[in-house]
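Student: Quick one: this structure, given as structure tokens, is what I'll be asking you about.
The values are calculated or read from the model by the stated rules, or taken from the named source; none is laboratory data. What you see is a predicted model, and the numbers here were worked out from it, not measured in a lab. Note that we place each Cβ from the backbone using ideal geometry, even for glycine, and neighbour counts take in every protein chain shown. For accessibility, only protein heavy atoms count, side chains too; no ligands or nucleic acids. Shrake-Rupley method; radii C 1.70, N 1.55, O 1.52, S 1.80 Å.
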Amino acid sequence: MGVVRFSVVTAFPEYFHAFLNTSIVGKAIKEGKIEVEIVNLRDFAQNSYGQIDDYSYGGGGMVIMPEPLYKALESIKSDKAYVVYPSPQGVILTQDVVEALAAKDHVILICGHYEGIDERFVEKCVDLEISIGDYVLTGGELPAMVIIDAVSRLIPGVVGKKEAVLEDSFYKGMLDYPHYTRPAEWNGIQVPEELTSGDHERTARWRMRQAALRTLSRRPDLLPRAGIRPYLSRGIYVMLVHHPVLNKNDEVVTSAVTGLDLHDISRSCMTYGVDKFLVITPLKSQRDMIHKITAHWERASKEGLNPMRSEALNLVKTFNSIEFAIMWIKRREKEKPFIVATTAKKRKGAIPWLELKRTILEQDAPLCLVFGTSWGLADEIFNQVDAVLDPILGGYGEYNHLSVRSAVAVALDRFFGSR
Ligand code: SAM
């Protein structure tokens, strides 16, 4: 992301004078971090009266004519120009849209007025219509300023402290935490003690929790796309069970550990902020093999070969039973984890992933996601867990026979992935 160039086509350039010379946006322009040029539509008028609009065909108010807009556009268009028409009929401006615009080199904003602009110009020249909300303004100048302001904040160095942007609302899809300044007591209301304690870790924990609670109560609609891992203060564990699991005849068996699972699941765990990858097998020979593999990669890493792989494999911890693994989590976390079993088959009482995501954020308890190998977890496990997750479906046909590696990656991305 470099310097973003904005060109604004407007019949009312005077709107922009204060905006472009004030505060953060004004400073960003002076420092050359963004470029904004204002193009007066009247300079491209049809006649010497400065005409840029005419009556709407079929009756109604005034509409901006296509030719002045086209000429204005031609005068500023660059190879990489992206043409935006702020309009109440456009896609709603969200942080995703702002991020997409911040990745462009040159954004041209066409400001409508009166009844709007001639539809043929929109069809021929506009890449995206953007609405700043479901209400109607008199012109596109305020929306253009809103877009420039929101995009500019994402340009490195425009907002003073990098952290200020990272913790804003909608960062990772969540709302911001509440802010306070001096005095510490105002009108009998104290600033929360967590912020005045001087304990940075406590302050950070409190802020993340407030952000989570605010998002849950005010904007639960943000949750599907939110990356909630930074907002959870407790450990997250992925458990891969090789016993008791079912074979294709529904018999309880012990499956074999595979190198692919070890490598791929530990890499997924590392990517999504899982604390430990617990591999369950009652067979000592299999546990020895796992230790051999992880030791091999640790040695390789010390010799400078693929340190990222050993970093991921470091998450692996073996246990001979599920019970021992849960006891170990309990000891580590000083609390019983919330245990969730996964299945590829539909089960009564299973909960949708979004409901589970909400529960995880609400409870902020240690979490253990249990995955089965072979034909899935044995029935006895489902009676002992706190929740069962609905099967992952592709949304196409009935087939959902994913490898356990894929199922882990999909589940982790739903809960902790950032979009
Ligand atoms: N007749 C249009 C309609 O109902 O869709 C409304 C035209 S509005 C009065 C005039 C101009 O203001 C629009 O062309 C657009 O540029 C701008 N505008 C108004 N409301 C807007 C909004 N919510 N978001 C973005 N632009 C808006």
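Student: Given the criteria at pLDDT below 95 and either within 11 Å of the ligand (Cβ to nearest atom) or touching a Ser or Thr at 6+ places or on another chain (Cβ under 9 Å) (or both), does Ser87 qualify?
Tutor: Taking the combined requirement at face value, the residue does not satisfy it.
Student: Among the listed residues Asp54, Asp79, which satisfies the condition of being in a strand (DSSP E or B), over 24 Å from Phe19 (Cβ atoms) and open to solvent by 50 Å² or more (accessible area, probe 1.4 Å)?
Tutor: On the way: Asp79 fails: in a strand (DSSP E or B).
The unique qualifying residue is Asp54.
Student: Take the residues of region 357-393 that are charged (D, E, K, R) and open to solvent by 40 Å² or more (accessible area, probe 1.4 Å): which is nearest to Asp264 (Cα to Cα)? Lay out the reasoning, then the answer.
Tutor: The first filter runs over region 357-393 and keeps only residues charged (D, E, K, R), leaving 357-358, 362, 364, 379-380, 386, 390.
Narrowing the set further to residues that are open to solvent by 40 Å² or more (accessible area, probe 1.4 Å) leaves 358, 362, 379-380, 386, 390.
On the way: Arg358: 27, Glu362: 29, Asp379: 26, Glu380: 27, Asp386: 26, Asp390: 23 Å.
Restricting to residues being charged (D, E, K, R) and open to solvent by 40 Å² or more (accessible area, probe 1.4 Å), the top hit is Asp390.
Student: Please identify the pairs in which a residue from region 135-155 that is free of Cβ contacts under 8 Å to residues at least 60 places away in the same chain has its Cβ atom under 6 Å from the Cβ atom of a residue that is more than 6 Å from the ligand (Cβ to nearest atom), counting only partners at least 6 apart or on another chain.
Tutor: Going by the 6 Å Cβ cut-off, the qualifying pairs are Ala150/Val98.
Student: Let me ask something else about it. Tally the residues that are part of a loop (DSSP other than H, G, I, E, B) and over 15 Å from Leu361 (Cα atoms), restricting the search to region 178-228. Write out each step before concluding.
Tutor: The initial filter retains those residues of region 178-228 that are part of a loop (DSSP other than H, G, I, E, B), namely 178-184, 187-188, 191-192, 197-199, 219, 226-228.
Right, trim to over 15 Å from Leu361 (Cα atoms) and you get 178-184, 187-188, 191-192, 197-199.
Here the count works out to 14.
Student: So which residues in region 82-128 are open to solvent by 50 Å² or more (accessible area, probe 1.4 Å) and over 25 Å from Pro156 (Cα atoms), if there are any at all?
Tutor: Selection gives Pro88, Gln89, Val91, Tyr114, Glu115, Glu119, Arg120, Glu123, Lys124, Asp127.
Student: Check off (1) assigned to a helix (DSSP H, G or I); (2) touching an Asp or Glu at 6+ places or on another chain (Cβ under 8 Å); (3) open to solvent by 60 Å² or more (accessible area, probe 1.4 Å) for Arg42 and give me the number that stays unchecked.
Tutor: Condition not satisfied by Arg42: (2).
Student: If you don't mind, there's one more thing I want to ask. Can Asn320 be described as touching a Ser or Thr at 6+ places or on another chain (Cβ under 8 Å), farther than 26 Å from Arg225 by Cβ and without any contact (Cβ under 8 Å) to a residue 60 or more places away in the chain? Working first, answer last.
Tutor: Values: touching a Ser or Thr at 6+ places or on another chain (Cβ under 8 Å): yes; farther than 26 Å from Arg225 by Cβ: yes; without any contact (Cβ under 8 Å) to a residue 60 or more places away in the chain: yes.
Criteria met by Asn320.
Student: Of Ile64, Ile24, Ile52, which residue is within 24 Å of Gly133 (Cα to Cα), over 32 Å from the mean Cα position of the chain (by Cα) and not polar (S, T, N, Q)?
Tutor: Ile64
Student: Filter region 124-166 down to the residues that are of a type in the set (Asp, Glu), over 23 Å from Tyr82 (Cα atoms) and either more than 13 Å from the ligand (Cβ to nearest atom) or part of a helix (DSSP H, G or I) (or both) and list them by number. Before the answer, list the steps.
Tutor: From region 124-166, those of a type in the set (Asp, Glu) are 127, 129, 134, 141, 149, 163; that's our starting set.
Next, only the ones that are over 23 Å from Tyr82 (Cα atoms) stay: 134, 163.
Listed by number, the list holds a single entry, Glu163.
Student: For region 109-123, which positions are within 8 Å of the ligand (Cβ to nearest atom) and assigned to a loop (DSSP other than H, G, I, E, B)? Give the steps one after another, and end with the answer.
Tutor: Keep residues of region 109-123 that are within 8 Å of the ligand (Cβ to nearest atom), which gives 110-117.
Correct list: Cys111, Gly112, Tyr114, Glu115, Gly116.
Student: Go through (1) in a loop (DSSP other than H, G, I, E, B); (2) open to solvent by less than 20 Å² (accessible area, probe 1.4 Å) and name the single condition Gly397 misses.
Tutor: The number of the failed condition is (2).
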